[in-house]
């Protein structure tokens, strides 16, 4: 653990909070200006690299992102434990570089609306990702079923994967 | 249609929405502690810590037992495991993503410099 901790100390912490019945909020500070951090979210070839880091063991079947207000996206993933690839899709409601991105998650009717803000903190960027679920029940269900983003088994498996990676110290 | 109705989730999430209370749970995850211990650990007054523990107790996340003059706190049952574990797993997933995003931000910053596009 010792060596791991020293590298952890340099990382900015990620926080997750259930802000209300229907809201889940993730925050993280990045060591670069909003212009750059926003680019990493809005350019498909960059987004793809970090959204599914290699450690997840999940690969893209396809990834289409038309990142502009009114544009749509469709991401299809596969994982050895999944019988069939899983699709995530929705629309960009707002794309305002370099400060704000809003999209829908339409793979389920209980999907959240995701708002990401990029706030300048003296050359660094505070990213706040806010998921607003249609109802309290929708968020409760997402949590109760062990899913993470909406109602998705992929991420539940992902969680297990991460936990096992963590336990093995990889 | 399966109904996921967990009335306790409400109280639990309210309890978990506070950083000190999450810290207390983490602490109790390692060892039981008295309210006095916890107050000292989190640099709080006894009264302040009693309130936090009260919220956690109501949510079923912590149980307390008074032995002699000392009130000892320990973790409550499964509610904690379910909800805190979910939040923590979710956080770990995002942490992994954001670590990868750090790498890309660094790359873009370097590129920015070499192209002399640095704006002042």
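The values are calculated or read from the model by the stated rules, or taken from the named source; none is laboratory data. Remember, predicted model here, so these are calculated numbers, not experimental data. Note: ideal-geometry Cβ built from the backbone for every residue, glycine included; neighbour counts use all protein chains shown.
Condition (residue is at the interface with chain A (Cβ under 7 Å from one of its Cβ atoms), touching a helix residue (DSSP H, G or I) at 6+ places or on another chain (Cβ under 6 Å) and either modelled with pLDDT under 80 or part of a helix (DSSP H, G or I) (or both)) applied to the range B:84-91: is it met by at least one residue?
So the first thing to find is which residues in the range B:84-91 are at the interface with chain A (Cβ under 7 Å from one of its Cβ atoms), and the list is B:86-87, B:89-91.
Pick out the ones that are also touching a helix residue (DSSP H, G or I) at 6+ places or on another chain (Cβ under 6 Å) and you get B:86, B:89.
From what's left, either modelled with pLDDT under 80 or part of a helix (DSSP H, G or I) (or both): B:86, B:89.
Yes - at least one qualifying residue is present in the range B:84-91.
Residues in the range A:42-65 that are in contact with a helix residue (DSSP H, G or I) (Cβ under 9 Å, 6 or more places away or on another chain), part of a helix (DSSP H, G or I) and more than 17 Å from residue A:90 (Cα to Cα): A:46, A:49, A:50, A:54, A:55, A:56. Residues in the range A:76-99 that are surrounded by 14 or more Cβ atoms within 10 Å (Cβ to Cβ) and farther than 27 Å from residue A:117 by Cβ: A:76, A:78, A:79, A:85, A:86.
Scanning the range A:1-30 for residues that are exposed (fewer than 15 other Cβ atoms within 10 Å of the Cβ) and either more than 9 Å from every other protein chain (Cβ to nearest Cβ) or at pLDDT 90 or above (or both) gives A:1, A:2, A:3, A:4, A:5, A:6, A:7, A:8, A:9, A:10, A:13.
I'd like to verify a number: residues in the range A:67-86 that are within 16 Å of the chain's Cα centre (by Cα) and modelled with pLDDT of 90 or more, how many? Working first, answer last.
Of the range A:67-86, the ones within 16 Å of the chain's Cα centre (by Cα) are A:67, A:73-77, A:86.
Restricting the remaining residues to those that are modelled with pLDDT of 90 or more gives A:67, A:73-76.
Residues that pass the stated criteria total 5.
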